[in-house]
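The values are calculated or read from the model by the stated rules, or taken from the named source; none is laboratory data. On a predicted model such as this, the values are computed, not experimentally measured, just so you know. With ideal geometry, Cβ positions are generated from the backbone for all residues, glycine too; neighbour counts draw on all protein chains shown.
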Amino acid sequence: MSEAPSSQPLRAAIIPVTPLQQNCSLIWCTRTMRGAFVDPGGDLPKLKAAAEQMGVTIEKILVTHGHIDHCGSAGILAEELGVPIEGPHEEDLFWIARLHEDGQKYGVPGRPFTPDRWLEDGDQVTLGELTFDVRHCPGHTPAMSFSTTPNRSWRWSATSCSRARSAAGTSPAATRSS
């Protein structure tokens with residue numbers, strides 16, 4: 001069952017994954033129902049079920065930074081879905097190269113990957129008919145990035161996806177009914 005057209009151009013669902021309960025975001029263009037997973041750290045069956053429940057066709061994976069809980073399963077999911085990975089910034093290559101070791105340490109499956117596109121400050125990312133601006137904001141890692149819509153009404157970062165003044169939702173069910 002597909003969702004009725006929305007007056008909002010972008011929708012999002014927050015899906016906690018891995019034993020570390022990291023927030024993976026499922027974001028999508030409501031006009032095309034094409035979407036992306038942002039920071040798919042693990043629990044791939046749970047993520048794929050959420051996309052199916054929302055009627056979203058995944059067109060890419062977006063990664064904000066290279067920590068195990070945010071991208072440990074990104075390469076695996078990209079292969080399974082046949083989609084590209086965009087991000088993080090190349091300075092996080094050190095973290096991505098050690099995903100297997102970090103996964104063993106934290107009990108989270110991890111496999112190194114090479115993104116199809118590294119993201120730099122000022123780049124743009126498209127999703128369906130939407131375009132996001134990439135901002136480099138090192139701190140949590142040397143290369144952490146976040147993205148916003150050009151009018152700044154939406155943003156996603158390593159731990160959240162939000163609209164100006166309000167959270168986007170906490171679960172696929174909550175997002176669907178909003």
- request: Please work out if residue 90 is closer than 22 Å to residue 120 by Cβ, of a type in the set (Asp, Glu), in contact (Cβ under 8 Å) with a residue 60 or more places away in the chain and surrounded by fewer than 24 Cβ atoms within 10 Å (Cβ to Cβ).
  value: no
message: Criterion first (surrounded by fewer than 16 Cβ atoms within 10 Å (Cβ to Cβ) and within 27 Å of residue 94 (Cα to Cα)) does residue 19 satisfy it?
response: yes
- prompt: From the set of residues in the range 69-102 that are in contact with a Pro (Cβ under 9 Å, 6 or more places away or on another chain) and β-branched (Val, Ile, Thr), which is farthest from residue 118 (Cα to Cα)?
  reply: 76
- request: Six or more apart or on different chains, Cβ under 7 Å: which pairs go from a residue in the range 99-121 that's modelled with pLDDT under 95 and of a type in the set (Ser, Thr, Tyr) to one that's part of a loop (DSSP other than H, G, I, E, B) and surrounded by 16 or more Cβ atoms within 10 Å (Cβ to Cβ)? Could you list them?
  value: 106/20
message: It is to be established whether one or more residues within the range 31-53 are over 19 Å from residue 95 (Cβ atoms) and modelled with pLDDT under 90.
response: no
